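The values are calculated or read from the model by the stated rules, or taken from the named source; none is laboratory data. The shown structure was predicted, so the numbers you read here are calculated from the model rather than taken from an experiment. Backbone-built Cβ (ideal geometry, glycine too); neighbour counts: all protein chains shown.
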Amino acid sequence: MGDIRSRGLNALLLAALKAHRDCTEGAPADYIPALAQVNPELFALALCTPDGVVHAVGDADHPFSIQSISKVLTLALVLRESGADLVIERVGVNPTGRRFNSIEAVEENCGRDLNPLVNAGAIATVGLVEGTAAEVWAKIAATHAGFAGRALPVDEAIFASEMEANGRNRAVAHLMRSYGAFARDADEAVELYTRQCAQLVTVRDLAMIAGTLAMRGRNPATGVQMLAPTDVTGVLAVMTSAGLYEDSGEWLFRLGLPAKSGVGGGLIVVAPGRMGMAAFSPRLDAAGASVRGMRALTDVAQALGANLFV
Ligand code: GLU
């Protein structure tokens, strides 16, 4: 029985992979020089079931940087450590409708009423983790390891490349700090944020992360409760309204599920209570989401009848 189901899921993933394999729309991120060198043909899909089994097809063992999907996990860390009120008050939980690295969104709202999934809000969220820089990094790394089910290495070349090119994130961090969003040194917050974005994952890791969110915060493979179910709903709410930046509304219309993109080409989609899904394909649309990843996972979700609004 399990075997039949497992073969069915693999076949479904394979069909979605094949259906979108030849699509060459979009382009890999090039504002971070190291990301521009990634092979754009790489393509992988994965799905994590409630029993913690990960089904994966395509280039499923190819490592890539997690980028903005890490924002979800540091939000989880701050919710666990300090509670939802701090996040709502200092960062906000509303979609900005702006690009992910918008300075205008910060200025318009005097550093408030953003969300933890745009760069400004994510850097502020990192800035809210308590402790020395070394302690903060240890907590961030442990949180990611707990969700993924294994320790994630940092790609030092990607980290260095983004540190060279992230003047905009530094500007946003200083603005956020000047508006009182967080007290940590702004450059230190940017460095911690950039390091978390440079952690390497495979599509299997992302499926496990999505699966942990789908299973009310309990990693379905290790059994470790990473986040209280009452905080998981908050994380999924922000992913639903802001996980795909300015395109969040359109994807909510099409996909009907919480999702988060990363400019490394990674993507997670969560079907609460049912499964976690993930994709990897480096060509991005204008909002910074994987083109083939979004399309393929929309097919998979539809085929499985997974939609919050059904
Ligand atoms: N590290 C990237 C940045 O700060 C993350 C953006 C993304 O993945 O959407 O620009």
(request) Just one of (1) within 16 Å of the ligand (Cβ to nearest atom); (2) touching a residue at least 24 places away in the same chain (Cβ under 8 Å); (3) of a type outside the set (Phe, Trp, Tyr) trips up Ala105, so point out which. (result) (2)
(message) Take the residues in segment 245-269 that are buried (at least 24 other Cβ atoms within 10 Å of the Cβ) and over 23 Å from Ala56 (Cα atoms); name whichever of them is farthest from the ligand (Cβ to nearest atom).
(response) Ser248
(request) Kindly provide the set of residues from segment 8-29 that are assigned to a helix (DSSP H, G or I) and of a type outside the set (Gly, Ala, Ser), ordered by number. (result) Leu9, Asn10, Leu12, Leu13, Leu14, Leu17, Lys18, His20
(request) Might you check whether a residue that is under 30 Å from Arg204 (Cα atoms), in contact with a strand residue (DSSP E or B) (Cβ under 8 Å, 6 or more places away or on another chain) and not in a helix (DSSP H, G or I) occurs anywhere in segment 91-104? (result) no
(message) Name the residue that is surrounded by the fewest Cβ atoms within 10 Å (Cβ to Cβ), counting only residues in segment 72-83 that are within 16 Å of the ligand (Cβ to nearest atom) and over 20 Å from Arg204 (Cβ atoms).
(response) Thr74
(request) Exactly one condition in (1) at pLDDT below 95; (2) touching a Ser or Thr at 6+ places or on another chain (Cβ under 7 Å) is not met by Tyr245; state its number. (result) (2)
(message) If I ask for residues that are hydroxyl-bearing (Ser, Thr, Tyr) and part of a strand (DSSP E or B), which ones from segment 226-276 would you list?
(response) Ser261
(request) Report yes if Thr212 is modelled with pLDDT of 95 or more, assigned to a helix (DSSP H, G or I) and surrounded by fewer than 18 Cβ atoms within 10 Å (Cβ to Cβ), otherwise no. (result) no
(message) Exactly one of these conditions fails for Leu35: (1) in a loop (DSSP other than H, G, I, E, B); (2) within 16 Å of the ligand (Cβ to nearest atom); (3) out of contact with any Leu (no Cβ under 7 Å at 6 or more places or on another chain); (4) not small (Gly, Ala, Ser). Give me its number.
(response) (1)
(request) Take the residues in segment 179-198 that are more than 16 Å from the ligand (Cβ to nearest atom) and buried (at least 21 other Cβ atoms within 10 Å of the Cβ), then tell me which one is farthest from Val154 (Cα to Cα). (result) Ala181
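Going by what's in this entry, would Gly146 be described as part of a helix (DSSP H, G or I) and either of a type outside the set (Lys, Arg) or crowded, with 20+ Cβ neighbours inside 10 Å (or both)? Walk me through how you get there before you give the answer.
Working: part of a helix (DSSP H, G or I): yes; either of a type outside the set (Lys, Arg) or crowded, with 20+ Cβ neighbours inside 10 Å (or both): yes.
Considered against the rule, which asks whether it is part of a helix (DSSP H, G or I) and either of a type outside the set (Lys, Arg) or crowded, with 20+ Cβ neighbours inside 10 Å (or both), Gly146 comes out as yes.
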